[in-house]
1. Would a scan of the stretch 145-165 turn up a residue that is in contact with a Cys (Cβ under 9 Å, 6 or more places away or on another chain), among the aliphatic types (A, V, I, L, M), at pLDDT below 90 and in the same structural domain as Ile237 (by TED's automatic domain parsing)?
2. Just wondering, is there one or more residues in the stretch 150-158 that are in a helix (DSSP H, G or I) and buried (at least 18 other Cβ atoms within 10 Å of the Cβ)?
3. Going through Ala177, Ala107 one at a time, which residue ends up being within 15 Å of Leu21 (Cβ to Cβ) and among the hydrophobic types (A, V, I, L, M, F, W, C)?
4. Are there any pairs, at least 6 apart or on different chains, whose C-beta atoms fall under 9 Å, with the first in the stretch 61-84 and small (Gly, Ala, Ser) and the second at pLDDT 95 or above and not in a helix (DSSP H, G or I), and if so, which?
5. In the stretch 13-34, what residues are free of Cβ contacts under 8 Å to residues at least 60 places away in the same chain and either surrounded by fewer than 18 Cβ atoms within 10 Å (Cβ to Cβ) or β-branched (Val, Ile, Thr) (or both)?
6. Given the conditions (1) assigned by TED's automatic domain parsing to the domain that holds Val87; (2) at pLDDT below 95, and given that Val109 satisfies all but one, which numbered condition is not satisfied?
7. Condition first: assigned to a helix (DSSP H, G or I), among the polar types (S, T, N, Q) and at pLDDT 90 or above. Can you find one or more residues in the stretch 230-252 that meet it?
8. Please find, among Ala219, Ala193, Ala188, Ala199, the residue that is of a type in the set (A, V, I, L, M) and either modelled with pLDDT of 85 or more or in contact with an Asp or Glu (Cβ under 9 Å, 6 or more places away or on another chain) (or both).
Amino acid sequence: MIKDILLIAVADDPGEAGLDLAAAVTANAGACLRCIGLGVLPDGYLGFSENAETVEVAQARREQRAQFDEFDRLLKRRSPPIPSVFVAAYPKTIVQTIASAAHQSDAIVVRAPALSHDQPHGSIIEAALFEGGAPVFVAPRHWRASALGQRVLVCWDNSASAARAAHAALNFVAPDAQLVVVQVADAAHKDDASGRAFAAHLARATIRAEWRSYDRTEADIASTLDHIAREISADLIIMGGYRHSPARQSLFGGVTRALLHAPRLPLLLSH
């Protein structure tokens with residue numbers, strides 16, 4: 001049963017895309033939404049004494065708290081008002097801070113990193129994926145409230161993380177959702193029909209699902225998936241998160257970072 005959705009907003013760059021996606025996820029699940037405003041404090045000494053660092057840190061904390069307070073006013077104007085808390089952390093403690101919050105949540109929502117850098121949004125996503133124990137939704141930077149979970153692209157590579165992501169998604173998609181299980185096969189896996197079997201598994205649970213197989217071309221996988229998403233008019237992409245096993249590298253695992261770099265649609269990731 002899904003009850004708690006957590007929006008993690010970077011205090012000095014929150015944006016409304018994450019808030020809009022979190023609200024849509026919460027509505028689909030019939031859950032409650034809360035928000036953490038994360039302020040990232042400067043790391044290291046900038047002066048010649050410990051006092052110099054203390055002054056800088058205190059100033060950064062005040063500035064980021066003030067910036068989050070502006071965003072918090074948007075949260076309080078929602079119906080119902082969204083409870084929030086401001087938390088400040090050093091870069092080296094972001095993972096611990098995010099993991100602790102994620103352990104008390106059923107799903108996490110984070111906005112995608114900016115094109116010019118992947119911090120701290122990238123660190124937040126990785127911390128939530130690897131240490132949080134809950135699925136992670138990623139909002140495109142300029143996403144605005146719209147239908148979510150009506151027509152869903154499930155990226156399938158027969159991995160445990162892909163299966164976990166797909167099963168997690170069932171808690172958040174629309175009741176009449178259409179799931180399209182997609183395999184992008186290279187020559188070595190051309191005869192793999194595990195995606196067909198997974199679509200049949202979903203259908204046995206009275207979920208509308210179909211299977212499609214595509215040959216891997218010279219185009220990079222991220223571009224191929226984006227093309228498929230456009231072709232089927234998807235409003236959500238589901239996939240397993242990063243995988244680093246040298247024994248069995250996931251076909252999709254290598255493109256997670258590419259999709260996070262500039263997602264066009266909301267992503268649901270699980271590790």
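The values are calculated or read from the model by the stated rules, or taken from the named source; none is laboratory data. Remember, it's a predicted structure, so these values are computed and weren't measured experimentally. Note that we place each Cβ from the backbone using ideal geometry, even for glycine, and neighbour counts take in every protein chain shown.
1. No.
2. no
3. Selected residue: Ala107, the only one of Ala177, Ala107 that is within 15 Å of Leu21 (Cβ to Cβ) and among the hydrophobic types (A, V, I, L, M, F, W, C).
4. Ser84/Leu7; Ser84/Ala9; Ser84/Arg34; Ser84/Cys35; Ser84/Ile36; Ser84/Gly37
5. Passing the criteria: Thr26, Ala27, Gly30, Cys32.
6. Among (1) assigned by TED's automatic domain parsing to the domain that holds Val87; (2) at pLDDT below 95, Val109 violates only (2).
7. no
8. Just one listed residue meets the conditions, Ala199.
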